[in-house]
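Worksheet: the structure to be examined is printed underneath.
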Amino acid sequence: MKRLFSILAIVGCMAFGTANVNATTASMATTTTTVIQEEAPAEDLGFHQELKKRFIEGGPGFMGIVLLCLILGLAIAIERIIFLNLSTTNSKKLIANVEDALASGGVEAAKEVCRNTKGPVASIFYQGLDRADEDIDAAEKAVVAYGGVQMGQLEKNVSWISLFIALAPMLGFMGTVIGMIQAFDKIEAAGDMQPSLVAGGIKVALLTTVFGLIVAIILQIFYNYIIAKIDSIVNDMEDASISLMDLLVKHKK
């Protein structure tokens, strides 16, 4: 009997211990699931939400000025891109039309073709044809002079984009320096070097630099595209001007 009671006691202890282990495991699993569920929203933050969060943490002072640089720079860049795309002309087709008009209707017919065509190339052609009744040198001078005017219109306000590209990271660096000064002021006031005392201030200071560099990178991409587009139009204007001079010489003969 004693042996039987001993066996029953051992079996009962083992069953009780197994139940405790299972309960502990279930409790740990529940706790882990809860923690994961609580941490999930932080991991599910999208890029725009994270960017917004960091922007707010950076403070409204320098962050607002950097954002203003981005808005103004993008506004000027978009306006320039639209203007340059509208200024692009199929110069080969225009030259062919002007040549046909000169052959059939003379200078006035060629000027009418230029009036009905948009873009700086057509405007330069019109100025050259308007001096065609004089000599070739006068027409060439008119083309060169008006070409400079058209180039100035193409490059209008582009310098402002380069200003914002330089200004945005400089403002970011200034915000970082000011934030670091404020962090050291806190250390001096507390009389102790505690990481928790200055970590938040340093993080905020560095965020201004990050956003300043982001703005500069975005505007630099638009700026390079605009400069490449202007160079393409200017080269087209120069090639077309040479072709116009050849047409005028041919028409004089």
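Checked against (1) open to solvent by 10 Å² or more (accessible area, probe 1.4 Å); (2) assigned to a helix (DSSP H, G or I), C114 passes all but a single condition, namely (1). Is it fair to say K156 is open to solvent by less than 90 Å² (accessible area, probe 1.4 Å) and either more than 29 Å from the chain's Cα centre (by Cα) or closer than 24 Å to L72 by Cα (or both)? Here the answer is no, as K156 does not meet what is asked.
The single condition among (1) acidic (D, E); (2) touching a residue at least 12 places away in the same chain (Cβ under 8 Å); (3) part of a helix (DSSP H, G or I) that D133 does not satisfy is (3). Of all residues in the range 199-217, those satisfying the criterion of being under 16 Å from I65 (Cα atoms) and in contact (Cβ under 8 Å) with a residue 12 or more places away in the chain are V204, A205, L206, L207, T208, T209, V210, F211, G212, L213, V215, A216. Only one of the numbered conditions (1) buried (at least 20 other Cβ atoms within 10 Å of the Cβ); (2) of a type in the set (V, I, T); (3) out of contact with any Leu (no Cβ under 7 Å at 6 or more places or on another chain); (4) at pLDDT below 90 is not met by V144, and that is (1). All conditions in (1) part of a loop (DSSP other than H, G, I, E, B); (2) in contact with a helix residue (DSSP H, G or I) (Cβ under 8 Å, 6 or more places away or on another chain); (3) farther than 15 Å from T89 by Cα hold for V144, with the sole exception of (1).
Of all residues in the range 80-128, which are small (G, A, S) and farther than 28 Å from K229 by Cβ?
Restricting attention to the range 80-128, the residues satisfying the condition of being small (G, A, S) are 87, 91, 96, 101, 103-106, 109-110, 119, 122-123, 128.
If the condition is that a residue be small (G, A, S) and farther than 28 Å from K229 by Cβ, then A101, A103, S104, G105, G106, A109 are the ones that fit.
Among residues of the range 221-244 that are on the phi < 0 side of the Ramachandran plot, those with a beta-carbon under 7 Å from a residue that is assigned to a helix (DSSP H, G or I) and open to solvent by 60 Å² or more (accessible area, probe 1.4 Å) at least six positions away or on a different chain give the pairs V234/M151. Residue count for the range 105-137, restricted to those that are at pLDDT below 85 and of a type in the set (G, A, S): 3.
Select from the range 65-108 the residues that are open to solvent by 30 Å² or more (accessible area, probe 1.4 Å) and over 32 Å from the mean Cα position of the chain (by Cα) and list them in ascending order. Answer for the range 65-108, where residues must be open to solvent by 30 Å² or more (accessible area, probe 1.4 Å) and over 32 Å from the mean Cα position of the chain (by Cα): K92, K93, I95, A96, N97, E99, D100, A103, S104, G105, E108. Scanning the range 139-173 for residues that are more than 23 Å from G119 (Cβ to Cβ) and touching a residue at least 60 places away in the same chain (Cβ under 8 Å) yields a count of 8.
The values are calculated or read from the model by the stated rules, or taken from the named source; none is laboratory data. Every value quoted in this text rests on a predicted model; they were computed, and no experiment measured them. With ideal geometry, Cβ positions are generated from the backbone for all residues, glycine too; neighbour counts draw on all protein chains shown. Side chains are part of the model used for accessible areas, which takes the heavy atoms of the whole protein and leaves out ligands, DNA and RNA. Shrake-Rupley method; radii C 1.70, N 1.55, O 1.52, S 1.80 Å.
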